[in-house]
Every structure is written in C-alpha cells, then in structure tokens.
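For reference, the structure discussed in these notes is given below.
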Amino acid sequence: MLQETHFEYHLEKKIPYFEETQKRSFFEKIKKVKNTILLILAYAFPSSKWRVILHRARGVHIGKGCYIGMFCFIDNLYPQ
C-alpha cells in the first residue's frame, strides 16, 4: 500500500516540457547569457580564488575557504 501511494505521488508531479522551459523574458535571457559567460571563464581560470568569485557572481552558494579545482563544472541551469 505504501508503494502505491508513493507511485501515485510521482504521477501527480507536472513534468516541464521543452516549450514551457524555453519561455523566458528578455531579462531572464540576459541573465542566462551572463551566467554562461561566467561559467566558461570560471571553468578554466588558473586561480581558485577567482573561480570562486566568478561562481558566486553566477549565484552559486559557496562557503568561505572553499577550493574549486580547474575544469570543475557547476550546473548552469540551477546554480544555487
């Protein structure tokens, strides 16, 4: 019985379709472009300090004293 209710819960979730996820305002598109540029810069930047600064500028929550290695990829769609 517990498994059936768990299964029914997943059926009730709305699945976002491609067309719905592409409906963005002008400012949302600008924010996405900004985040993509910052991600590319942070991806191969030689200094860990600057990589942390660039990721934080994208909206990623990073603690103090954190080290991020080169070529580290943090999700671009939901960076928080």
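Surface analysis of the stretch 26-80 yields an accessible area of 74 Å² per residue, using protein heavy atoms and a 1.4 Å probe. Taking trypsin sites (Lys or Arg not before Pro) across the stretch 24-66, the ones in a DSSP loop with at most 14 further Cβ atoms lying within 10 angstrom of their Cβ are 24, 64.
The values are calculated or read from the model by the stated rules, or taken from the named source; none is laboratory data. None of these values were measured; they are calculated from a predicted model. Glycine also receives a Cβ, built like all others from the backbone with ideal geometry; neighbour counts cover every protein chain displayed. All accessible areas refer to the heavy atoms of the entire protein, side chains included, with ligands and DNA or RNA removed. Shrake-Rupley method; radii C 1.70, N 1.55, O 1.52, S 1.80 Å.
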